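So the structure is just underneath, and the comments pick up after that.
The values are calculated or read from the model by the stated rules, or taken from the named source; none is laboratory data. Keep in mind it's a predicted model, so treat the numbers as computed, not measured. Here the Cβ positions follow ideal geometry from the backbone for every residue, glycine too, while neighbour counts run over all protein chains shown. Note: accessible area is taken over every heavy atom of the protein model, side chains too, but ligands, DNA and RNA are not part of it. Shrake-Rupley method; radii C 1.70, N 1.55, O 1.52, S 1.80 Å.
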Amino acid sequence: MAMKTGLVLEGGGMRGLFTAGAMDVMMEHGIRFDGIVGVSAGATFGCNYKSHQVGRVLRYNVRFKDDPRYMGIRSLLRTGDLVAAEFSYHTLPNELDVFDGETFNSDPTEFHVVCTDVLTGKPVYHRIEKANDEALEWIRASASMPLVSRPVPLDGRLLLDGGISDSIPLRYFQQQGFDRNIVILTQPKGFYKRRTKLMPLFHLFMRRYPAIVRAMSRRHLMYNDELSYLEEQERKGSILLIYPQDTLPIGRTEQDEAKMRRVYAMGRQKAEEMLPEIAAFTKFS
């Protein structure tokens with residue numbers, strides 16, 4: 001039986017434009033995967049790989065960066081969501097920069113997303129079989145950052161950002177039978193996460209969801225354990241890591257166009273430099 005190749009995409013908000021740049025280069029060179037799993041921005045941006053939409057991520061983020069309907073404090077105060085739910089996850093992909101659901105549905109690549117159950121603090125994994133409004137809600141749930149998003153009701157659960165409970169879901173994808181995986185990170189080599197300084201805000205504003213508060217207090221431990229696992233798997237040769245050389249010059253929710261284009265270009269450059277490695281790694285399987 002042939003090995004299955006996977007693409008694992010962590011989140012990071014606008015740092016995900018690095019991921020988008022790398023993905024666009026791989027798409028342009030015909031690199032295909034048997035499955036993709038995305039967390040948070042890795043889900044919102046990664047779905048464009050299966051729909052074959054090179055350039056779409058950067059295009060709509062630049063186009064709508066100053067649009068109060070897309071994201072910002074006004075949306076947060078008015079709706080409870082920093083990233084406006086209806087506009088960003090339905091109006092935009094259905095009408096304004098159309099997501100190619102037909103291609104998504106016909107492409108055989110599996111597409112999985114990771115969310116976090118707010119009542120248990122545990123990860124929830126979901127394979128999106130078909131592009132429709134429910135699929136867009138799963139993607140929204142995966143990217144719904146705590147403190148600045150309302151929990152998303154889906155499948156009898158309340159869900160938030162998958163990065164809370166499983167930031168780099170390599171183990172999950174290996175359990176799904178993906179033996180060889182390319183993992184795109186949005187932090188440089190040597191990065192280790194520290195405990196969030198926002199814990200007082202979590203205790204104050206998320207007290208209805210104590211499991212989320214507990215998960216956030218331990219998130220750095222989970223994340224750093226996953227980094228150690230990546231190192232181990234890299235030594236074994238079962239994964240190929242793509243990551244920025246330095247800390248990306250953009251904040252999680254920052255929408256400065258010059259920075260957005262720069263981070264995207266950094267992702268493209270990295271993938272272009274690694275293209276022989278990427279091609280050899282995916283062809284081997």
Quick one: pull the percent of accessible area on the chain belonging to carbon and sulfur, 1.4 Å probe, ligands and nucleic acids left out. 51 percent
With springs only between Cα atoms under 10 Å, which of I168, I250, I139 fluctuates most in a Gaussian network model of the chain? I250
Spacing of the two label points (7 Å from each Cα toward its C-beta) at R252 and S217, in nm: 1.9 nm
May I ask you to derive the relative contact order of segment 83-157, considering only C-alpha pairs under 8 Å and at least 6 residues apart, and to give it as an integer percent? 28 percent
Of all trypsin sites (Lys or Arg not before Pro) in segment 75-134, which ones are in loop regions per DSSP and have a Cβ with at most 10 other Cβ atoms within 10 Å? K130
Of the residues S144, S51, S106, which exhibits the maximal mean-square fluctuation in a Gaussian network model of the chain defined by a 10 Å Cα contact cut-off? S106
Counting only residues 5 or more places away or on other chains, whose amide H sits under 5 Å from the amide H of K4 once H atoms are built in the peptide plane? D179, R180
Largest fluctuation, Q175, Q269, Q53 only, Gaussian network model of the chain with Cα springs under 10 angstrom, belongs to Q175
Residue-wise HN-Hα coupling along segment 189-202, computed from phi with Karplus coefficients 6.51, -1.76, 1.60 (Hz; x: Gly, Pro): 4, x, 5, 9, 7, 9, 4, 4, 7, 8, 3, x, 5, 5
I need the shape label for segment 126-239. Rule: rounded when a/c is under 1.5, else prolate if a/b > b/c, else oblate, with a, b, c from the alpha carbon gyration tensor. oblate
M3 paired with L275, simple spin-label distance in nm, labels 7 Å along Cα-to-beta-carbon: 2.3 nm
Kyte-Doolittle cut-off 0.5, length cut-off 30 Å along the helix's own axis using Cα: show which whole DSSP H helices in the chain pass. none
5 Å is the cut-off here: which amide hydrogens, built 1.01 Å from N in the peptide plane, fall below it relative to L158, excluding neighbours closer than 5 in sequence? V118, L119
Figure the gain on full extension for R195 and N94 (residue separation times 0.36 nm, minus the Cα-Cα span) and round it to one decimal in nm. 32.5 nm
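With a cut-off of 8 Å between alpha carbons and a minimum separation of six or more residues, what is the relative contact order of the chain in percent?
Relative contact order, the chain: 28 percent.
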Per residue accessible area of the chain, 1.4 Å probe, in Å²: 45 Å²
